[in-house]
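One structure is given below, encoded as structure tokens.
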Amino acid sequence: AQSVAQPEDQVNVAEGNPLTVKCTYSVSGNPYLFWYVQYPNRGLQFLLKYITGDNLVKGSYGFEAEFNKSQTSFHLKKPSALVSDSALYFCAVRDRYSGAGSYQLTFGKGTKLSVIP
Amino acid sequence: DAGVIQSPRHEVTEMGQEVTLRCKPISGHNSLFWYRQTMMRGLELLIYFNNNVPIDDSGMPEDRFSAKMPNASFSTLKIQPSEPRDSAVYFCASGEAFFGQGTRLTVV
């Protein structure tokens, strides 16, 4: 079984400050890890994905995430937050070896990010 | 490509009625997912298809829910009969990275 935990329901950060949204995961094998953003009344938008290789993954809109295997974490980061970054952020995981044709993603509960002007 | 297209965007129906949600995935994508999002339960995978074949429907909550993918360009999620607790936003996703805008279903 695979699972994702986003320990913070809400994160508040001042505009211009660095932001971190936390995610930890559990899979039986090796993970594929994802971050998505959801703006009000919209679908999810893909931000970035970790497959293998460099532990620091760069994605859309200046976001990046760091894969830490020993801590089973995949925290989302941005050096300087914008008010327009305010949204709901979801972390997701898939077991790399979950079987032929299996693409099942498990999502966290989401973290609401508020960037304060 | 216009992305993943879902219809309708909003649906209000009375309890007991049949509801059909529609999805047009991105051309060339082999996998299609149906998710349900509620405040209480977050995002839940209902069913996914690979090459038009249902691979895992263990997330479908009850027999009232059914999904089909008759061809690579079209999928439906049907609820019959609908109940107020089915009220949620239903998303279709094409592959891992492309989500539709969702259908907000309200069952009264």
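Observations on the structure shown:
- Relative contact order %, the stretch B:14-108, counting alpha carbon pairs below 8 Å whose residues are six or more apart: 35 percent
- Candidates A:VAL21, A:VAL93, A:VAL57, ranked by Gaussian network fluctuation over chain A, Cα under 10 Å, top entry: A:VAL57
- Residue of B:SER66, B:SER58, B:SER31 that the Gaussian network model of chain B assigns the largest fluctuation, springs spanning Cα pairs under 10 Å: B:SER58
- Potential lengthening between A:THR20 and A:ILE51 on full extension [0.36 nm per residue; Cα-Cα distance subtracted]: 9.1 nm
- Listed pairs A:LYS49/A:LYS78; A:LYS49/A:LYS69; A:LYS58/B:LYS68 exceeding 26 Å between Cα atoms: A:LYS58/B:LYS68
- GNM result for chain A, Cα springs below 10 Å: residue of A:LEU19, A:LEU44, A:LEU33 fluctuating most strongly: A:LEU44
- Rg(Cα)/(2.2 N^0.38 Å) for chain B, N = residue count: 0.98
- Inter-label distance, nm, simple model (7 Å from Cα along the C-beta direction), A:ASN41/A:SER3: 3.6 nm
- Largest to smallest principal axis extent of the C-alpha atoms in the protein assembly as shown, angstrom: 50, 41, 33
- Long-range amide H partners of B:ALA67 with built H, under 5 Å: B:LYS78
- Put a dot 7 Å past the Cα of A:ARG96, heading toward its Cβ, do the same for B:ILE5, and the two dots end up 3.8 nm apart.
- Solvent exposure, largest accessible area first (probe 1.4 Å, DNA, RNA and ligands not counted), of B:MET15, B:MET40, B:MET60: B:MET40, B:MET15, B:MET60
- For the stretch B:14-28, the residues whose backbone nitrogen is under 14 Å from a point 7 Å from the Cα of B:ALA72, taken along Cα to Cβ, are B:25-28.
The values are calculated or read from the model by the stated rules, or taken from the named source; none is laboratory data. What you see is a predicted model, and the numbers here were worked out from it, not measured in a lab. Virtual Cβ from ideal backbone geometry, glycine too; neighbours counted across all protein chains shown. Note: areas computed on protein heavy atoms with side chains; ligands, DNA, RNA excluded. Shrake-Rupley method; radii C 1.70, N 1.55, O 1.52, S 1.80 Å.
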